[in-house]
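Report on one structure; see the data block that follows.
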Amino acid sequence: MRYTNINFKNKRVLITGGAGFIGSNLALYFQENHVEAEVIIFDKFRDGEKFPNGNLKSFGDYRNLINFKGEIIGGDINSLDDIKKLSKYKFDYIFHQAAISDTTVQDQKIMVETNVNAFKNLLDMAILNKATMIYASSAATYGNAKSPQTVGYESPENIYGFSKLMMDNITYKYLKRYPDMQIVGLRYFNVYGKNEFFKGKTSSMILQFGLQILKDEAPKLFEGSDKILRDFIYIEDIIQANIKAIDGKSGVYNVGTGKARSFQNIADILQKELGTDLGNLYIPNPFKTQYQFYTEADISNTVSNLNYSPKFSLENGIKDYIEEIKRLSEFS
């Protein structure tokens, strides 16, 4: 589905983190809907290196791009030499999705370098190119702030959320300095959908529960999961928000459905879609002290300033995703 009538003929689009979950979906959106655009992907790709928590340092995977026909540049956003590889191009639009997105990483130095410092370097490149910058922020900026979460009322609980808030603060400063520049930060809530498989343990609970059920296992939920509420947003609505941001008003916006649902809801919907009745396995929550128990996006400004309107409820998103989950179950 096309989300804009912009003519991308002779326009060049850069997608950082383009081999990851959201970046690869963006690349394939352009390929399917705006064939006239020249899309270039910049990604570090996975090398097997891991953080102390056991999770991969990079989730970029070539298998997300099997059907992509554009240009791919391998590189690390933390490397100025790698960023210089992009200097020979003139970009019209930059979709910055590359980041450390693992909320359990505690290395503050690498988190700030990757998410904050590299973002500023890319913003400077956008200024030189006179390019529109759309970037991934996060609902983690809110921590356990009161729901519905509203831009301007942040309280990050971890270094990841802090790094994303610092990115947003840089955006505000740049917009004051360069009022004609188009910069839009999108605070993603809990995203799920196609191409998240290679995120491993950090993939959505929709996928993880679905794969458990397809192994004839009862989904493993934290105790009290009927009271753990999140704003779950399907990948198609994330793509919609990114594309509509091109025409929207500069600023920072929430991207969610505006409706909180429980983890128990996920398990129940999946079992209904898969025709199973396996019950549930409840386990203690080891992350109680650093966990978001209730997120719900205030999307009023997103609707009015970006013309964004979520199309997928949790039920509809899971229904649309279910065949892909079944396919993935063959490899997990």
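The values are calculated or read from the model by the stated rules, or taken from the named source; none is laboratory data. Because the structure is predicted, anything quoted here is derived from the model rather than measured. As a convention, Cβ positions derive from the backbone with ideal geometry for all residues, glycine included, and neighbour counts pool all protein chains shown.
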- Could you tell me which of the residues F68, F45 is surrounded by fewer than 23 Cβ atoms within 10 Å (Cβ to Cβ) and more than 20 Å from I238 (Cα to Cα)? F45
- Given the structure, is T103 modelled with pLDDT under 95 and surrounded by fewer than 23 Cβ atoms within 10 Å (Cβ to Cβ)? yes
- Residue hits (segment 169-188; surrounded by fewer than 20 Cβ atoms within 10 Å (Cβ to Cβ) and touching a residue at least 40 places away in the same chain (Cβ under 8 Å)) are I170, Y172, Y174, L175, Y178, M181, Q182
- Task: Kindly provide the set of residues from segment 75-108 that are more than 28 Å from P156 (Cβ to Cβ), of a type outside the set (D, E) and more than 20 Å from the chain's Cα centre (by Cα), ordered by number.
- Result: K84, K85, L86, S87, K88, Y89, K90, F91
- The listed residue being touching a Lys or Arg at 6+ places or on another chain (Cβ under 6 Å), crowded, with 16+ Cβ neighbours inside 10 Å and closer than 21 Å to G23 by Cβ, out of N129, N195: N129
- Note on the structure: Among (1) in contact with a Ser or Thr (Cβ under 9 Å, 6 or more places away or on another chain); (2) surrounded by 15 or more Cβ atoms within 10 Å (Cβ to Cβ); (3) more than 20 Å from I238 (Cβ to Cβ), Q108 falls short only on (2)
- Right, S204: crowded, with 19+ Cβ neighbours inside 10 Å, closer than 22 Å to Y142 by Cα and without any contact (Cβ under 8 Å) to a residue 40 or more places away in the chain or not? yes
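Could you grab me the full set of residues in segment 268-294 that are of a type outside the set (F, W, Y), assigned to a loop (DSSP other than H, G, I, E, B) and modelled with pLDDT under 95? Quick ask: steps written out before the conclusion?
Narrowing segment 268-294 to residues of a type outside the set (F, W, Y): 268-281, 283-286, 288-290, 292.
Pick out the ones that are also assigned to a loop (DSSP other than H, G, I, E, B) and you get 275-280, 284-286, 292.
Correct list: P284, N285, P286, Q292.
Condition check ((1) of a type in the set (A, V, I, L, M); (2) at pLDDT 95 or above) across all residues:
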{"residue": "G18", "(1), (2)": "no, yes"}
{"residue": "L28", "(1), (2)": "yes, yes"}
{"residue": "Q31", "(1), (2)": "no, yes"}
{"residue": "V39", "(1), (2)": "yes, yes"}
{"residue": "F45", "(1), (2)": "no, yes"}
{"residue": "F51", "(1), (2)": "no, no"}
{"residue": "N55", "(1), (2)": "no, no"}
{"residue": "F59", "(1), (2)": "no, no"}
{"residue": "I66", "(1), (2)": "yes, yes"}
- When every residue in segment 259-282 that is surrounded by fewer than 19 Cβ atoms within 10 Å (Cβ to Cβ) and of a type in the set (G, A, S) is compared, the one farthest from S225 (Cα to Cα) is G275
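What do you reckon, is E154 in contact with a Phe, Trp or Tyr (Cβ under 8 Å, 6 or more places away or on another chain) and over 25 Å from S300 (Cβ atoms)? Steps first, answer last, please.
Numbers: in contact with a Phe, Trp or Tyr (Cβ under 8 Å, 6 or more places away or on another chain): yes; over 25 Å from S300 (Cβ atoms): no.
Answer is no for this residue.
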- Task: Kindly indicate whether any position in segment 74-83 is closer than 18 Å to F198 by Cβ, of a type in the set (D, E, K, R) and part of a helix (DSSP H, G or I).
- Result: no
- Item | Of residues in segment 295-330 being in contact with a helix residue (DSSP H, G or I) (Cβ under 8 Å, 6 or more places away or on another chain) and not in a helix (DSSP H, G or I), the one surrounded by the fewest Cβ atoms within 10 Å (Cβ to Cβ) | S309
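Okay, residues lined up against (1) of a type outside the set (D, E, K, R); (2) under 13 Å from I322 (Cα atoms):
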position	(1), (2)
K176	no, no
Q182	yes, no
G185	yes, no
Y192	yes, yes
G200	yes, no
S203	yes, no
L211	yes, yes
D216	no, no
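Across segment 111-126, what is the number of residues that are under 15 Å from the mean Cα position of the chain (by Cα) and either surrounded by fewer than 19 Cβ atoms within 10 Å (Cβ to Cβ) or without any contact (Cβ under 8 Å) to a residue 24 or more places away in the chain (or both)? Reasoning before the result, please.
Taking segment 111-126 first, the residues under 15 Å from the mean Cα position of the chain (by Cα) are 115.
Subsequent filtering for residues that are either surrounded by fewer than 19 Cβ atoms within 10 Å (Cβ to Cβ) or without any contact (Cβ under 8 Å) to a residue 24 or more places away in the chain (or both) retains none.
Looking only at that region, the number is 0.
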- Task: Provide a single number: the residues in segment 12-64 that are within 16 Å of I100 (Cα to Cα), touching a Lys or Arg at 6+ places or on another chain (Cβ under 7 Å), without any contact (Cβ under 8 Å) to a residue 40 or more places away in the chain and assigned to a loop (DSSP other than H, G, I, E, B).
- Result: 2
- What do you reckon, is Y93 buried (at least 17 other Cβ atoms within 10 Å of the Cβ) and among the hydroxyl-bearing types (S, T, Y)? yes
- Query: Which condition number does S155 fail, the rest of (1) touching a residue at least 40 places away in the same chain (Cβ under 8 Å); (2) touching a Gly at 6+ places or on another chain (Cβ under 6 Å); (3) more than 20 Å from L306 (Cβ to Cβ); (4) not basic (K, R) being met?
  - Reply: (1)
